[in-house]
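Everything below concerns the one structure shown next.
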Amino acid sequence: MHDPQSNINSQNIVNSSLKEEYFNNSTDLNPIWSDIDYPYFGAALSKYRNAYISVHGYLSFACCVFGITANILNIIVLTRKNMISPTNAILIGLAVSDIFVMSSYIPFTYHNYIRNHVSEEDQFSYGWAVFTLFHQHFTIVSHTISTWLTVTVAIWRFLAVRFPQNSTVWCSMYRAKCAILATYLVCPVIGIPGYLSSTIIPFPSENGGFVYYVHFSRISQLHNKLLQNIFFWISSVTMKLVPCVALTGISFGLIRVLYERNLRRQRLRADADRNHDRTTRMLLAVLMLFLLTEFPSGLLALLSGILGTDFFNHVYSNFGETMDVLALINNAINFIIYCTMSQQFRNTFANLFLPSFFKSPTIVSASTV
């Protein structure tokens, strides 16, 4: 999920030595920064990474188990008849892509961070290399889908609160379905340069057998500079920075609309838009969480491209697991936000799963959660 110049980012432990070897032999994007003492920073950050790795496997595994369960509950609640709306349809698409990310990450984190391997061949088997190759592409694409569906939700809500007279036409169910379908179709196409950049390569093991690593492909090595630049712009800009910048602008726009409505409500002493505003605040919480968990990754990816491979090897790589768990938290926590900030979501959930414990009022149809 944290992927700047290299597609093998998801395998920080599995093939970090190969990553370093490749980047050390490649041309730095900006040698003007070579006088920075990256080894010093790298040594300090390596201590942090070594300390965090001992708990990363268990933390990320727990996030994935909770997140998959929570997103399944999101889908069940949001597909109830009284909850159907264009915005909720996009939230369902978001929950599905989050499930994809976490489902792939469970075996990855168990194999690399929790399981005790009996031999090098067992840890780096050919079957595992095939899964790793699939995992790195699948999680990047799924996470990109989640990212752009989050942007779509933000745009939908902004149009609804800023232009309420036109929102039923601009933000119809048909257009929501088209937006979801387009996101699921376009994001895999965007990842094509990444698919070309890596492959499985065998290496002799210490026991006389072979171990298999995901390494840069021949195409990537022959066209190193071109593919490196293409994948950098796609991963750090298209998949990270552009969505973060867009969400920042839209979030400020939503905050401004809420502020203006609050002033108008105080003057008129009207309560008609309170439910509408609560929904907007809930979606703002979702957007802010996304920015908090994704913006650091996008910023470090951009700096990797600007400052060169020394920064990538000594700084970015040491934050790989941390950025992964932040992304997993973002994937998993929407259920909590919906429950704490949406009365309609709570009521629907209680009627479905806890009818004997909660007596919720009659639920009426509403536009969003």
In segment 145-178, which residues are over 20 Å from LEU284 (Cα atoms) and touching a residue at least 24 places away in the same chain (Cβ under 8 Å)? SER172, MET173, ARG175, LYS177
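Of all residues in segment 89-107, which are of a type in the set (A, V, I, L, M, F, W, C) and either buried (at least 23 other Cβ atoms within 10 Å of the Cβ) or closer than 30 Å to ARG175 by Cβ (or both)?
So in segment 89-107, the residues of a type in the set (A, V, I, L, M, F, W, C) come out as 89-92, 94-96, 99-102, 106.
Of everything in segment 89-107, those that are of a type in the set (A, V, I, L, M, F, W, C) and either buried (at least 23 other Cβ atoms within 10 Å of the Cβ) or closer than 30 Å to ARG175 by Cβ (or both) turn out to be ALA89, ILE90, LEU91, ILE92, LEU94, ALA95, VAL96, ILE99, PHE100, VAL101, MET102.
Among the residues of segment 117-129, how many are part of a helix (DSSP H, G or I) and more than 27 Å from ALA332 (Cβ to Cβ)?
Adding up the residues that qualify gives 7.
Suppose we filter MET1, MET102 for residues that are at pLDDT 95 or above, hydrophobic (A, V, I, L, M, F, W, C) and under 16 Å from the mean Cα position of the chain (by Cα); which single one remains? Spell out how you get there, then give the answer.
Working: MET1 fails: at pLDDT 95 or above.
Within the list MET1, MET102, the selection yields MET102.
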Being surrounded by 19 or more Cβ atoms within 10 Å (Cβ to Cβ), over 24 Å from VAL186 (Cα atoms) and among the aliphatic types (A, V, I, L, M) narrows it down to one of VAL141, VAL161, VAL153, so name that one. VAL161
Of (1) open to solvent by less than 30 Å² (accessible area, probe 1.4 Å); (2) under 30 Å from SER46 (Cβ atoms); (3) within 19 Å of the chain's Cα centre (by Cα); (4) modelled with pLDDT under 85, PRO296 fails just (1)
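I'm trying to understand the selection: among the residues of segment 67-84, which are of a type in the set (Gly, Ala, Ser) and either open to solvent by 40 Å² or more (accessible area, probe 1.4 Å) or in contact with a Leu (Cβ under 9 Å, 6 or more places away or on another chain) (or both)?
The one that is of a type in the set (Gly, Ala, Ser) and either open to solvent by 40 Å² or more (accessible area, probe 1.4 Å) or in contact with a Leu (Cβ under 9 Å, 6 or more places away or on another chain) (or both): GLY67.
Select from segment 93-116 the residues that are assigned to a helix (DSSP H, G or I) and without any contact (Cβ under 8 Å) to a residue 24 or more places away in the chain and list them in ascending order. Steps first, please.
Our first condition is that a residue be assigned to a helix (DSSP H, G or I); within segment 93-116, this holds for 93-114.
Across segment 93-116, the qualifying residue is only HIS111.
Anything in segment 303-345 that is part of a loop (DSSP other than H, G, I, E, B) and within 16 Å of the chain's Cα centre (by Cα)? List them, or say none. Give the steps one after another, and end with the answer.
Filtering segment 303-345 down to residues part of a loop (DSSP other than H, G, I, E, B) leaves 308, 333, 342.
Residue satisfying the conditions is ILE333 alone.
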Could you say which residue among ILE234, ILE230, ILE250 is more than 30 Å from GLN123 (Cβ to Cβ), among the aliphatic types (A, V, I, L, M), outside any strand (DSSP E or B) and at pLDDT 80 or above? ILE250
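The values are calculated or read from the model by the stated rules, or taken from the named source; none is laboratory data. Source: prediction; values computed, not measured. With ideal geometry, Cβ positions are generated from the backbone for all residues, glycine too; neighbour counts draw on all protein chains shown. Remember, those area values only see protein heavy atoms, side chains included, never the ligands or the DNA or RNA. Shrake-Rupley method; radii C 1.70, N 1.55, O 1.52, S 1.80 Å.
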